[in-house]
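**Student:** Please read through the structure below; I'll follow up with questions.
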Amino acid sequence: MSKSGEATLVKNAGSCYMLSELPQWNLFPAVLRGKIRLKDSEATNPIAVGDRVRFVAETEPDMEHPASITEILPRKNYVIRKSTNLSHQAHIIAANIDKAYIIVTLEFPAIKLPFLDRILVTCEMYGIPVVIVLNKMDLLRDVCTDQIRDFHRIYGIAGYEILEVSAKTGEGIEGLRNECKGKVCLLSGESGVGKSSIIKAMDPEADPKIGDISLAHLQGKHTTSLYEMYNLECGGFLIDTPGLRGFGLVDAQKEEIALYFPEMLKVSEDCRFSPCTHTHEPGCAVKEAVGNGSISPERYASYLGMLDEDKKYR
Ligand code: GDP
Ligand code: ZN
């Protein structure tokens, strides 16, 4: 019986792709038709986990008779990983992400705010809604009271949702499960923050196995299945990604960076000059907001750091 329709790529199985008609989880194999293969020459992979595709199959697809992918549908967003060398190659990690959960903790290991800000900027650039998940609350609550308060101040003003959880005690995990339901979610976090523990707490059957992997490995022959989608017990679809570094910052133009700090974008309309770098210009509404506490000095410092870094690479 022939079959056709739209499906989501959930796994790259090396010789073929596994598709599923989400929200059902009915995996079947498919291959790319030759002409699509070369279309996206910038990326090392023409198609990524999360891609929506159109397919046709003459019979019920199986490994001997996989379906054919005839079209990759436009992506609503995607994250790429750029090579750190000069080859300018990029690997698409995942596409069509409904929400990214950035796992952090405050101590054990100590958080680096500028690093988190970089990830948040990256998510803004990619157009991916993001939630910050503050893990290890069981450890932090009593010993880091001030730090927790500051964290909420800084990221609350910036407009980010913060979920407090503990993979150890299960606090907040049910909330996370409900959040993920029916969504394609990306989970990211620096090593040691408890990413695998959270996945396990959300779904004991899940098998988080992906560590930090360099792009060089990604380009290897046998490692094409590094990113895959998991069907969580709660009905969410999870794409696990390597440490935060894996995201890589796409090249933002200097003038662009402030657009990806939502709290700066909001007030920058009132800057006297446009464009305004929010550094030395008179009548800068962003600097004024930093002065009166409606933009946090920590986030502003991250912004200046990013401008500086941008200069270095020019
Ligand atoms: P990953 O590298 O981000 O995947 O982190 P792991 O899940 O391997 O966790 C790193 C360490 O933190 C392990 O020793 C975990 O037992 C511990 N850990 C993870 N989550 C929690 C938590 O909520 N509370 C406490 N006390 N420890 C945690
Ligand atoms: Zn300004």
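A short reminder: the numbers here are calculations on the coordinates, not readings from a lab. Predicted model, so just to flag it, every value in this text is computed and none were measured. Cβ coordinates were reconstructed from backbone atoms using ideal geometry, including for glycine residues, and neighbour counts include every protein chain displayed.
**Student:** Would you order His278, His152, His65 from fewest to most other beta-carbon atoms within 10 Å of each residue's own beta-carbon?
**Tutor:** In order of increasing Cβ crowding within 10 Å: His65, His152, His278.
**Student:** Could you run the Karplus curve 6.51 cos²θ - 1.76 cosθ + 1.60 with θ = phi - 60° over the stretch 21-34 and give me ³J(HN,Hα) per residue in whole Hz, x for Gly and Pro?
**Tutor:** 8, 4, x, 6, 10, 10, 5, 9, x, 8, 10, 7, 6, x
**Student:** Right, something else. Can you bin the stretch 3-72 into rounded, prolate or oblate? Criterion: square roots of the alpha carbon gyration tensor eigenvalues sorted a ≥ b ≥ c, rounded for a/c under 1.5, prolate for a/b above b/c, oblate for the rest. Write down the numbers at each step before the final one.
**Tutor:** On the way: a/c = 1.69, a/b = 1.41, b/c = 1.20.
In terms of gyration-tensor shape, prolate.
**Student:** Got a sec? How would Arg52, Arg81, Arg118, Arg272 order by Cβ neighbour count within 10 Å, fewest to most?
**Tutor:** Arg272, Arg52, Arg118, Arg81
**Student:** Could you sort out which of Lys136/Lys287; Lys136/Lys183; Lys76/Lys181; Lys99/Lys200; Lys3/Lys195; Lys200/Lys254 sit more than 30 Å apart by Cα distance in this structure?
**Tutor:** Lys136/Lys287; Lys3/Lys195; Lys200/Lys254
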